[in-house]
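Trainee: Here it is: the structure, laid out below.
We did not get these values from a lab; they are worked out from the coordinates using the rules stated. None of the values given here were measured: they were computed from a predicted structure. With ideal geometry, Cβ positions are generated from the backbone for all residues, glycine too; neighbour counts draw on all protein chains shown.
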């Protein structure tokens, strides 16, 4: 049996078992007047996993931590939206397909209600109403009834440029439709997109609206592996807490968590500054990895921005950000400045730099570390995709069963204790009755003794009285 067949068989087995479990839970709830709310949530999550059990890699981080830019670098295609304003308010999944297309899932009215409750809570907490203002300004209210509760929509696109436009329409903060999108799946005909794997761009963990941040926190539990993007400038407390939770979720499989220090190109001295910063990060994260090799290999400084611009330069021979590429490369000791450059006209000087950058592009690729991350993903995670997916499916099913069994045992023990308590009361009643009977017997004995003594006294008195009468007669 192949690994894929084993996964499919496990999925079918679990679906049958879950159906039986749900019936049993319903019976117990009615019989004992209890609720399995947490356990039903576990079942719901497991059914969601079984419906799409293939390997899923989550890209998580705070708003503008460079998640979407990193995904674009991985695919070598600017497909994920990276506008100046924060993007990705819903899950955006990327899958390989021979046909470029989108699958759009929209919010239900109940989910929309929960979102606005979270918005109102954020307004009370922050004393601002930025989300509300942006929503009203966008004109999204006018199309609310058209999209809330709308059926899933599949859109096939003939070319990559049309696909990019549609992705932006459904994910960009500048689009009114994006407010109503719950989940977007991008099926991508791209050789850099691994097959049978889903790469997931998630909402920012520090979104002012908790509802949107919670989408990511819940999804982290579903993901088989997690790449955490953190601005290389610092590692904040809330980000460290998020990383710790991610490690808790993967159990002993620490290799499935990678920490990326993003935007290293924005530092004044990228090479030196990241070396210092990474040493500090390792101090905070060594307990999480608990393995020196993983600590050194899985904490990586990256520049998705430089990598993507370099790809553009390689593909077209020109790039609007070539100066950034040159500046970054030379900071790492890759010299792109032509000799006697000061004597050259600016146009020729620039052309010489571009030529040098193209000649040394493989070296520049190396220092961005994007290909290193890609290699680790493929070697440690994607190559074991079916095995990891199967093991996670089984272990999470086992956890679900354990939680349900513990709840059932608690109910059983509670019920047994109640019965024991009733039995104990009856026993106490019997003991009480026996004790009272003994008391009555003792009282009766005492009364019998008193009666006997009284009769003796009475007999003695009568005898004495008789003697006295006889004496008087005499």
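Trainee: Multiplying the sequence separation of residue 280 and residue 358 by 0.36 nm and subtracting their Cα-Cα distance, what value in nm do you get?
Mentor: Fully extending the segment from residue 280 to residue 358 adds 24.6 nm.
Trainee: Separate question: Got a sec? Which residues in region 160-186 would a label at residue 54 touch, if it sits 7 Å along Cα→Cβ and we count backbone N under 13 Å?
Mentor: Of the residues in region 160-186, 185-186 have backbone N under 13 Å from the label point off residue 54.
Trainee: Modelled label-to-label distance, residue 127 and residue 411, 7 Å Cα→beta-carbon offset: nm?
Mentor: Here the modelled spin labels are 4.9 nm apart.
Trainee: Taking only C-alpha pairs under 8 Å that are 6+ residues apart, what is the relative contact order of the chain in percent?
Mentor: Once divided by the residue count of the chain, the mean separation gives 19 percent.
Trainee: In deg cm²/dmol, rounded to 500, what helix-only [θ] at 222 nm does the chain give when every DSSP H run of at least 4 residues adds -39500 (n - 2.57) and the total is split over its residues?
Mentor: Rounded to the nearest 500, the figure is -20500 deg cm²/dmol.
Trainee: Quick check: pseudo-label points 7 Å beyond the Cα along Cα→Cβ at residue 146 and residue 111, how many nm apart are they?
Mentor: A separation of 1.9 nm, rounded to one decimal place.
Trainee: Cα gyration tensor of region 1-129, axes a ≥ b ≥ c as square roots of the eigenvalues: rounded (a/c below 1.5), prolate (a/b > b/c) or oblate?
Mentor: Cα axes put region 1-129 in the oblate bin.
Trainee: Please arrange 244, 410, 216 by counting, for each residue, the other beta carbons lying within 10 Å of its beta carbon, fewest first.
Mentor: Fewest-to-most Cβ neighbours within 10 Å comes out as 410, 244, 216.
Trainee: For the Cα atoms of the chain, what angle does the longest principal axis make with the long axis of helix 37-51, in degrees from 0 to 90, nearest 10?
Mentor: The angle comes out at about 40 degrees.
Trainee: If you take the square roots of the eigenvalues of the alpha-carbon gyration tensor of region 251-334 and sort them as a ≥ b ≥ c, do you get rounded (a/c under 1.5), prolate (a/b over b/c) or oblate?
Mentor: It is prolate, given that a/c is not under 1.5 and a/b is the larger ratio.
Trainee: Next question. Pop a pseudo-label 7 angstrom from the Cα along the beta-carbon direction at both residue 245 and residue 287 and give the gap in nm to one decimal.
Mentor: Between residue 245 and residue 287, the simple spin-label model gives 1.8 nm.
Trainee: If I fit a long axis through the Cα atoms of helix 237-250 and take the longest principal axis of the Cα atoms of the chain, what angle between them do I get, 0 to 90°, rounded to 10?
Mentor: Around 70 degrees separate the two axes.
Trainee: If each residue of separation counts as 0.36 nm, what is the full-extension length gain between residue 19 and residue 189 once their alpha-carbon separation is subtracted?
Mentor: Result: 57.5 nm gained on full extension.
Trainee: Let me ask something else about it. Using the count of nearby Cβ atoms within 10 Å as a rough guide to exposure, how do 42, 252 rank from fewest to most?
Mentor: Least crowded to most crowded, the residues run 252, 42.
Trainee: Classify region 11-75 as rounded, prolate or oblate, taking a ≥ b ≥ c as the square roots of the eigenvalues of its Cα gyration tensor: rounded when a/c is under 1.5, otherwise prolate if a/b is larger than b/c and oblate if not.
Mentor: oblate
Trainee: Count the DSSP beta bridges whose two residues both fall in the chain, then state the antiparallel fraction as a percent rounded to the nearest 5.
Mentor: 35 percent
Trainee: So how tilted is helix 346-359 from the main axis of the chain? Cα-based, degrees 0 to 90, rounded to 10.
Mentor: So the helix axis and the longest Cα principal axis differ by about 50 degrees.
Trainee: Would you mind getting me the FRET efficiency between residue 344 and residue 252? Use the beta-carbon distance for r and R0 = 41 Å, nearest 0.05.
Mentor: 0.10
Trainee: Give me the tail of P(r) for the chain as a percent: Cα-Cα pairs with distance above 44 Å.
Mentor: Cα-Cα pairs of the chain separated by over 44 Å account for 33 percent.
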